Amino acid sequence: MTEKTIHKTIIIGSGPAGLTAAIYAARANLNPIVLEGNQPGGQLTITTDVENYPGFPDGVLGPEMMDLFRKQAQKFGAQCFYKHVSKVDLSISPFKIYVGEEEYLTQSVIISTGASARLLGLDAENELMGHGVSTCATCDGYFFKDKEIIVVGGGDSAMEEANFLTKFASKVTIIHRREEFRASKIMIDRALNNPKIDIIKNAVVSDIFGSQKDGVNGVLLTNTLDESETKFDCEGVFYGIGHIPNTNEFKDIIDLDDQGYIQTKGKSTATNIPGVFACGDVQDSYYRQAVTAAGSGCMAAMDVEKYLEDL
């Protein structure tokens, strides 16, 4: 990769979407460049066991799966670099992609920068993520059969995750920092009527107890009204406080929705800028699964191939 070369396509981000796009773009002889970002492999690199991705009947470690994705892309000629894009200029083609002071030129761009789960900012999160702390009920609920767990949040996503987790857990307690929920009435009623769900209001999780070896064994709850503290026993912590799309570099450049996700046209991965495409969690606030991200990465590469042909 040189700064003066005009590349056929540059892929920004390296989760299932970006690396699948790289596989398809490489097989189409587009010689893709992948700028992997600060978290190469995306959110799956902080996931332990992945058991719902087709083709892995015995499950696979998240980082291991992303390494397989990367090796497959490289096998067909994709080049992957541990570089973080600091800004872009998409006003004219060839587009300019900046890594610090380095400038790279490209005829097309695939944005697959993903989304980051909102966290509480606790030190224990870093140690216990994937070891009893999770941001994805669909991904990890299966591992909490017959366990008592908590869900943090008060919106629709928290209610939905809590209801889903009752399929596995023996008890689910929703921890909400306020008296009133932000969730819709139907979602609140569904949670209140579920015999496996308890609710603790006016409380925040201020610490999480456990170890990577043994998992989570409890949390420290702080009452938001009188600041009293209580140890609460549980075997898992799920966050249902939303996601933040990684679109800071694209604000005021690409059309975003109210939540900050990139808007794509119809059934395609095209953005409002011809030659710029988006795939994966950066444009998907609903499904947010590795397999759907990979599928949209395939779509983006095929859209790029068609776009370049039409040029």
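The values are calculated or read from the model by the stated rules, or taken from the named source; none is laboratory data. Quantities reported herein were computed from a predicted structural model and do not represent experimental measurements. Here the Cβ is made from the backbone with ideal geometry for all residues, glycine too, and neighbour counts use every protein chain on show.
Just a few scattered comments:
- Number of residues in region 250-284 that are polar (S, T, N, Q), surrounded by fewer than 17 Cβ atoms within 10 Å (Cβ to Cβ) and touching a residue at least 24 places away in the same chain (Cβ under 8 Å) equals 2.
- Qualifying residue in region 267-286 (condition: part of a loop (DSSP other than H, G, I, E, B), of a type in the set (A, V, I, L, M), over 23 Å from GLN39 (Cβ atoms) and out of contact with any Pro (no Cβ under 8 Å at 6 or more places or on another chain)): yes
- Test: residue in region 186-196 that is within 24 Å of the chain's Cα centre (by Cα), surrounded by 16 or more Cβ atoms within 10 Å (Cβ to Cβ) and outside any helix (DSSP H, G or I): no
- Flag if GLY59 is at pLDDT 95 or above, more than 17 Å from ASP281 (Cβ to Cβ) and over 18 Å from the mean Cα position of the chain (by Cα): no
The rows are residues; the columns are (1) over 24 Å from THR138 (Cβ atoms); (2) buried (at least 16 other Cβ atoms within 10 Å of the Cβ); (3) of a type in the set (Phe, Trp, Tyr).
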| residue | (1), (2), (3) |
| --- | --- |
| SER14 | no, yes, no |
| ALA28 | yes, yes, no |
| ASN38 | yes, no, no |
| VAL50 | no, yes, no |
| PHE69 | no, yes, yes |
| PHE95 | yes, yes, yes |
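- Residues that are of a type in the set (Asp, Glu) and assigned to a strand (DSSP E or B), drawn from region 145-178: GLU148
- Strands (runs of 3 or more DSSP E) wholly inside region 3-81 that include at least 3 residues being touching a residue at least 12 places away in the same chain (Cβ under 8 Å) and farther than 15 Å from ALA294 by Cβ: 79-81
- Selection status of LEU225, exposed (fewer than 15 other Cβ atoms within 10 Å of the Cβ), among the hydrophobic types (A, V, I, L, M, F, W, C) and touching a residue at least 12 places away in the same chain (Cβ under 8 Å): yes
- Of the listed requirements (1) modelled with pLDDT under 95; (2) assigned by TED's automatic domain parsing to the domain that holds CYS298; (3) of a type outside the set (S, T, N, Q), ARG190 misses just one: (2).
- Flag if SER91 is surrounded by fewer than 16 Cβ atoms within 10 Å (Cβ to Cβ) and not assigned by TED's automatic domain parsing to the domain that holds GLU235: yes
- Restricting region 201-222 to residues that are touching a Gly at 6+ places or on another chain (Cβ under 6 Å) and crowded, with 16+ Cβ neighbours inside 10 Å, the residue that is farthest from PHE143 (Cα to Cα): PHE209
- Pick from region 236-246, criterion part of a loop (DSSP other than H, G, I, E, B) and at pLDDT below 95, ranking: surrounded by the most Cβ atoms within 10 Å (Cβ to Cβ): GLY240
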